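For reference, the structure discussed in these notes is given below.
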Amino acid sequence: MSLFSLILGAGGSIALLRVVQHTTAERRFRWLLAGVFTLAGAILGARLVFVAAYQSYFSTHTQEISLITLGGLSWPGALAGAILFAFLSLLIFRLPLLEGLDRLSRMLLPLGVTIWLGAWKTGIAFGQLLPAGTWWGMMLRDESGLTALRVPVQPVALISLLLVLGLIEWLLRLIKKDGLKAAVSFLVLSLHSLLFSFMRYDSVQRLYGLRLDSWAAIIFSAATCLFLMIVLIKKKRSIATNENGSE
């Protein structure tokens, strides 16, 4: 088993623990299953999108498609798969939709941080080479194993995501509006991914001059903004309905 798999496994375990925290005994197992389904969707989506992106290679190496341990996961695919399976699992296990999305969004912090940690340790999503003596650079390796002075993309992304998502969770801890925590958390993660996609120096396909992962982050950000607007509009309508009913 690779180091990246071990790190991601630890992040997944922490994520599942966060999902089942502060739940009633009757619902705990259903929440756990919802979390497991969401993780499974993330892994499946990450692999499918990666295979689709490199279909020319996998068309002649079909035996490697299911070998996830060899590496090859796409974060846009992971996020898309997680969202789809989250919706399906909440419906299947008869859990409240918006409250469920809020609860499952607790998985974003440990998973996002451990993904960047795994990328750091294995040389994925590395930064640009820097001139010798650059004081703010770090000795980091790339996918080929070459260690050199680089822009510290992974460490900065890890620390900033931990701080920003942690702060968002703390600020929204007392908010009772269902769906708001999930919407804000997904939006922050999407914008964070967009920012750091511009700093990455690893090779990836481009469309109209932008990396495919940058386009994916833009789409996720736009979709999450729409979801956030729907949640906020629903809140205003519910307040207006309550005020009319009290008159």
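The values are calculated or read from the model by the stated rules, or taken from the named source; none is laboratory data. Computed from a predicted structure; not experimentally measured. Using ideal geometry, Cβ is built from the backbone for each residue, glycine included, and neighbour counts are taken over all protein chains shown.
Residues of segment 173-187 that are outside any helix (DSSP H, G or I) and not aliphatic (A, V, I, L, M): Arg173, Lys176, Lys177, Asp178, Gly179. Note on segment 41-67: residues that are loosely packed, with under 15 Cβ neighbours inside 10 Å and either within 19 Å of Leu97 (Cα to Cα) or of a type in the set (Asp, Glu) (or both) amount to 1. If you filter segment 201-247 down to residues that are acidic (Asp, Glu) and at pLDDT 85 or above, you find that the one that is nearest to Ser185 (Cα to Cα) is Asp213. From the set of residues in segment 114-152 that are of a type in the set (Val, Ile, Thr) and crowded, with 21+ Cβ neighbours inside 10 Å, which is farthest from Arg211 (Cα to Cα)? The selected residue is Thr114. Is it the case, given these coordinates, that Gly72 is in contact (Cβ under 8 Å) with a residue 24 or more places away in the chain and closer than 26 Å to Gly123 by Cβ? So Gly72 fits the description; yes.
Filter segment 98-141 down to residues that are modelled with pLDDT of 90 or more and hydroxyl-bearing (Ser, Thr, Tyr) and give me whichever is nearest to Ser74 (Cα to Cα). Residue satisfying both the conditions and the ranking: Thr114. Go through Arg103, Arg94 for me and flag whichever is among the charged types (D, E, K, R), touching a residue at least 40 places away in the same chain (Cβ under 8 Å) and surrounded by 21 or more Cβ atoms within 10 Å (Cβ to Cβ). Going through Arg103, Arg94 in turn, just one is among the charged types (D, E, K, R), touching a residue at least 40 places away in the same chain (Cβ under 8 Å) and surrounded by 21 or more Cβ atoms within 10 Å (Cβ to Cβ): Arg103.
Close Cβ contacts (under 6 Å, 6 or more residues apart or on different chains) running from residues in segment 196-209 that are free of Cβ contacts under 8 Å to residues at least 40 places away in the same chain and on the phi < 0 side of the Ramachandran plot to residues that are charged (D, E, K, R) and outside any strand (DSSP E or B) comprise Ser197/Asp213. For Trp170, the stated conditions hold: it is part of a helix (DSSP H, G or I) and either closer than 18 Å to Ser74 by Cα or not charged (D, E, K, R) (or both).
Within segment 221-245, residues that are over 18 Å from Ser105 (Cα atoms) sit with their Cβ atoms under 8 Å from residues that are outside any helix (DSSP H, G or I) and modelled with pLDDT of 55 or more, at 6+ positions apart or across chains, in these pairs: Lys234/Gly179; Lys235/Lys177. Regarding segment 175-189, can at least one residue be identified that is at pLDDT 90 or above, farther than 18 Å from Glu99 by Cα and surrounded by fewer than 12 Cβ atoms within 10 Å (Cβ to Cβ)? No, segment 175-189 contains no residue that is at pLDDT 90 or above, farther than 18 Å from Glu99 by Cα and surrounded by fewer than 12 Cβ atoms within 10 Å (Cβ to Cβ). Screening Ser144 on (1) more than 14 Å from the chain's Cα centre (by Cα); (2) modelled with pLDDT of 95 or more shows it passes everything except condition (2). Considering only segment 2-10, I want to know if a residue exists there that is closer than 21 Å to Thr122 by Cα, outside any helix (DSSP H, G or I) and touching a helix residue (DSSP H, G or I) at 6+ places or on another chain (Cβ under 7 Å). Yes.
Taking the criterion of being more than 14 Å from the chain's Cα centre (by Cα) and surrounded by 13 or more Cβ atoms within 10 Å (Cβ to Cβ), the residues of segment 14-27 that qualify are Ile14, Leu16, Leu17, Arg18, Val19, Val20, Thr23, Arg27.
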